[in-house]
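Step one of this worksheet: look at the structure below.
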Amino acid sequence: MSLFENVEAFLLVGGKSSRMGRDKALLELNGAPLIQRTADLLAPLVTKTTLVISADQLANPTNTNPYSNFELPTLADRWPNAGPLGGIATALAAAQTSWCLILACDMPFITKEWLTFLLGQIQRSESPEPTDVIVPETIRGLEPLCAIYRTACAQPLARELDSGIRKVTDALANLNMKHITENEWRQFSRDGNLFGNLNTLQDYLEAQKRLKS
């Protein structure tokens, strides 16, 4: 039984990884691929974890599914080449729970303690006005790829995509958001790098050092 039975998790994988030069989701840290590390964190918390990947990657008969070894459900992105927003909308449209936790595949510093705190905010989001998205905020702005979305947001986000919107924060502008402030999330990240991700080889090498120290 999961701790949060009204939440499914979706990991966005299969991006171009152009700056890294290889699939970020399969990079290993402390002996485990990023997908597996994240899925293990999520297992006791949510009802199910699903991978959202490029439809082209699934449909190409010359390619085998590079994520099949993880034995996780796989979902084809309904908006190819629309970036993370397409993956989020795809996840929400397929979800069978009231809420969805959306995570990028390349966030190695996310912890179980932080995710438990984030998911715990759902209980506080129903009044006085129902919340659509629970999203952390940093000095860089919102972190929509480590956030919780009400499943009912599927249609509004699909309309934004169909209108040509591609930036996630632009698509969220008309939704009712609850922000998790830095003062709140910083207790789970002494160095402030909780939402750090892996875009380059240098990022990967630095993450290896951080996680070993």
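Taken over the stretch 46-69, the criterion of being more than 21 Å from residue 93 (Cα to Cα) and either modelled with pLDDT of 90 or more or open to solvent by 60 Å² or more (accessible area, probe 1.4 Å) (or both) is satisfied by 61, 62, 63, 64, 68, 69. Take the conditions touching a strand residue (DSSP E or B) at 6+ places or on another chain (Cβ under 8 Å) and modelled with pLDDT under 95 and apply them to residue 197. Does it pass? Taking the combined requirement at face value, the residue satisfies it. Considering the stretch 1-19, the residues that are out of contact with any Ser or Thr (no Cβ under 6 Å at 6 or more places or on another chain), closer than 22 Å to residue 65 by Cβ and at pLDDT below 90 include one that is most open to solvent (accessible area, probe 1.4 Å), namely 16. Residues considered: 199, 193, 176. Of these, the only one that is touching a Ser or Thr at 6+ places or on another chain (Cβ under 6 Å) and in contact (Cβ under 8 Å) with a residue 40 or more places away in the chain is 176. For the stretch 80-99, a residue qualifies if it is more than 14 Å from the chain's Cα centre (by Cα) and open to solvent by 40 Å² or more (accessible area, probe 1.4 Å), and the qualifying residues are 80, 81, 93, 94, 96, 98.
Would you mind stating whether residue 160 is of a type in the set (Asp, Glu) and out of contact with any helix residue (DSSP H, G or I) (no Cβ under 7 Å at 6 or more places or on another chain)? Criteria not met by residue 160. Number of residues in the stretch 74-116 that are among the aliphatic types (A, V, I, L, M) and in a helix (DSSP H, G or I): the value is 8.
The values are calculated or read from the model by the stated rules, or taken from the named source; none is laboratory data. All figures in this text were calculated on a predicted structure; none of them were measured in a lab. We place every Cβ from the backbone using ideal geometry, glycine too, and count neighbours over all the protein chains shown. Ligands, DNA and RNA are excluded from the accessible area calculation, which covers all protein heavy atoms including side chains. Shrake-Rupley method; radii C 1.70, N 1.55, O 1.52, S 1.80 Å.
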